[in-house]
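Asks: Please see the structure below; I have some questions.
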Amino acid sequence: MHVLFEPGFFTDGPVRLALVLGGAVAVVSGLVGVLTVVRGQSFAGHALADIGAAGGSGAFLLGVNPLWGFVVLGLAAAGSMELMGLQRARSRDVATGIVLGAALGLAALFLYLDASYTSTTGVTTTVLFGSIFAVSGSIVPVAAAFAGVAALAVVVLFRPLLLASVNPELAAARGVGVRMVGLAYLLAMAVAVSLSCLTIGAILSTALLIGPAGAALRLTRRPGRAMAVSAALGVAAVWLGILLSYDSYYWPPAGRGWPVSFFVVALVFLFYLASSLRSPRHGHRRGAR
Amino acid sequence: MPPVPARGAQVLSVEGVHVWLSGREVLHDVGFEVRAGEFTGLIGPNGAGKTTLLRVILGLEPPAQGRVIVGGGPGATSEGAGPGRTAERVGYVPQKVVVDPDLPLRARDLVSLGLDGHRLGIPLRNRGRRQKVDAMLEAVDAGRLADARIGTLSGGELQRVLIAHALVSDPALLLLDEPLANLDLRSEHEVVALLARLTGERGVAVLLSAHDMNPLLPVMDRIVYLAAGRAASGGTDEVVREEVLSELYGHQVDVLHVRDRILVVAGPHGPREADQAAGLPEPPGRTRSRGV
Ligand SMILES: Nc1ncnc2c1ncn2[C@@H]1O[C@H](COP(=O)(O)OP(=O)(O)OP(=O)(O)O)[C@@H](O)[C@H]1O
Ligand SMILES: [Mg+2]
């Protein structure tokens, strides 16, 4: 009989690294995600994740850490989405979808080339489903710096972003540079998605961006509080996911362990389901907090 | 509270403004003044250029020619727009604000953003600001809505909260773009009465656009009539006259006084634009009742 906290859980190097990195990524995704949901940019977030897959697999071809691929291509894509006006996504879903399709095509090519011409094994799994236990220690400070910058950006731009999400004209009339603020936000979102790609994988990264934020927005009607709740839910999902994944070495099929990404995404989904049961939209429409 | 301009002091001067959009002249030599504590109606049919004019005043659209002076300080000129220069002095309620019901923003949050929505960083809890926001919501008779999500408000309720948002920073000038468009007669009357009261209480100048002047007749100190990008301004009696409006529209227009309503009517075969003139009874079969 073993307990959930396996002896060695907190002393194991990769686990500690995973807890730190995963926690930081969850916080950033949680903060950025609330504004993604509020601004109706979930689809753009998903497109950035798929573009990240192309970046990550391209980075393997070049022999650099996938984080650089995720971030570089993500930022480039975010910048060009703004130029094309794609971030006003609701009416531009088609264009976003086409960019997304092209990125996945590129990812397919890069992953094929990775598998054929480099000796690295498991690239596909690493890029698409993450590698939180195998992240190299040297990239962690870089990831932490990116996380810090993205979190700072949304905190600094919080009020203008919120006002612009009510109505861009309202924000512009108050002297907010709506386009610049929108671009800065999209870049922050690209960074958050990239970090998420690194930990739970390109395919699943949107779950960490949208899920905790969606749940938080059902639990509270205050934007500042929603960001705090969203970050907390994200961290809870990632840490619990790591714990369960570590524990799952004892689960069938014995000795293999289940992937962290599965647990994280499953927990996010459960949080969202639970939050829907207690939505502030139902029952007390007025007056209650 | 910044010093309220003395009633009658000039808070807005629009001088010879021309605006071209996509190669078309949308505003032609528009000029008028707005004074503190006055209620000015910006009246004109669809497409007359009302929204464009308000955007020029806000500094969101640079005029090709002419200039705008707001609250005694420089506003937009043909050299540049620059919303930052006028943001503190002008409150704005845009046309057609549609809010997602899921938007996690309470009425008090939106009003609060009227004070500091352009600022960076997360606001600290501040009792002074909270009291100011609460007082503003009370002033527009929306105190009980303070904690409601803005997406769940009715059209009239949202309009009040938007007015509170625009007024909370104590601007000298309040611009409202078609705020009555989606209101029923009762809310329309309430919003107009509220605005008239605020001009008196706060000394703010109100410039309100509408396609129908009738709801504003009891409170309007001055009218700016806009048709096809040209403006005539002055007292209602001076402006809403057949010779003035015919000149503006560029063809014969009739002005009918029916009880206490004014109807602006184009000839039976007048251009489409005139058919949409302010207060026009629509052709049979399309009659829209607007009460007495
Ligand atoms: N960005 C633009 N590019 C080209 N034309 C424009 C642009 N914006 C407005 N217009 C044109 O300028 C004219 C005036 O538009 P505006 O929105 O100011 O009218 P309005 O009086 O506010 O009308 P409504 O009552 O329908 O709101 C219209 O003919 C419109 O088509
Ligand atoms: Mg308009």
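Asks: If you wrap a convex hull around the C-alpha atoms of the stretch A:16-146 and split its volume per residue, what is the figure in Å³?
Replies: Residue-normalised Cα hull volume stands at 100 Å³.
Asks: Using the reciprocal of the averaged 1/r over all distinct C-alpha pairs, how large is the Kirkwood radius of the stretch A:106-199 in Å?
Replies: This gives a value of 15.8 Å.
Asks: Just to be sure I understand the interface: list residues from the stretch B:138-155 that lose 40 Å² or more of accessible area between the chain on its own and the complete protein assembly, 1.4 Å probe.
Replies: B:Asp147, B:Arg149, B:Thr152
Asks: Once you list every other residue whose beta carbon is under 15 Å from the beta carbon of A:Val127, what net charge do they have if Lys and Arg are +1 and Asp and Glu are -1?
Replies: Neighbourhood net charge equals -2.
Asks: Could you tell me the calculated FRET efficiency between A:Ala144 and B:Glu238, based on Cβ-Cβ distance and R0 = 51 angstrom, to the nearest 0.05?
Replies: It comes out at approximately 0.15.
Asks: Still on this structure, I have one more. Calculate the FRET efficiency for B:Glu190 and A:Ala266 from the Cβ-Cβ distance with a Förster distance of 56 Å, rounded to the nearest 0.05.
Replies: 0.60
Asks: Continuing with the same structure: What total accessible surface area, summed over both chains, is buried at the interface between chains A and B, computed with a 1.4 Å probe and given in Å² to the nearest 100? Each step should come with its number before you reach the end.
Replies: Details: alone 13660 and 14340 Å², together 24700 Å².
In total, this chain pair buries about 3300 Å².
Asks: Also, quick follow-up: Under the classification rounded if a/c is under 1.5, otherwise prolate if a/b is larger than b/c and oblate if not, where does the protein assembly as shown fall, given a ≥ b ≥ c as square roots of the Cα gyration tensor eigenvalues?
Replies: Here the protein assembly as shown falls in the prolate category.
Asks: A follow-up question, please. Any idea how far apart A:Arg278 and A:Leu83 come out in nm if each label point goes 7 Å out from Cα toward Cβ?
Replies: Here the answer is 4.7 nm between the modelled labels.
Asks: Right, here's the next one. For A:Ser248 and A:Val20 in one chain, what is 0.36 nm times their gap in residues minus the Cα-Cα distance, to one decimal in nm?
Replies: 80.1 nm
Asks: OK, next. I'd like the per residue volume of the convex hull spanned by the Cα atoms of chain A, given in cubic angstrom.
Replies: Numbers: hull volume 40.9 nm³, N = 289.
It comes to 142 Å³ per residue, whole-number rounded.
Asks: Per residue, what volume in Å³ does the Cα convex hull of the stretch A:226-266 take up?
Replies: With only Cα atoms used, the stretch A:226-266 gives 46 Å³ per residue.
The values are calculated or read from the model by the stated rules, or taken from the named source; none is laboratory data. Only a predicted model underlies this, so the values are computations on that prediction, with no experimental measurement involved. Every residue, glycine among them, receives a Cβ derived from its backbone with ideal geometry; neighbour counts consider all protein chains shown. In case anyone asks, the SASA skips ligands and DNA or RNA and just uses the protein heavy atoms, side chains included. Shrake-Rupley method; radii C 1.70, N 1.55, O 1.52, S 1.80 Å.
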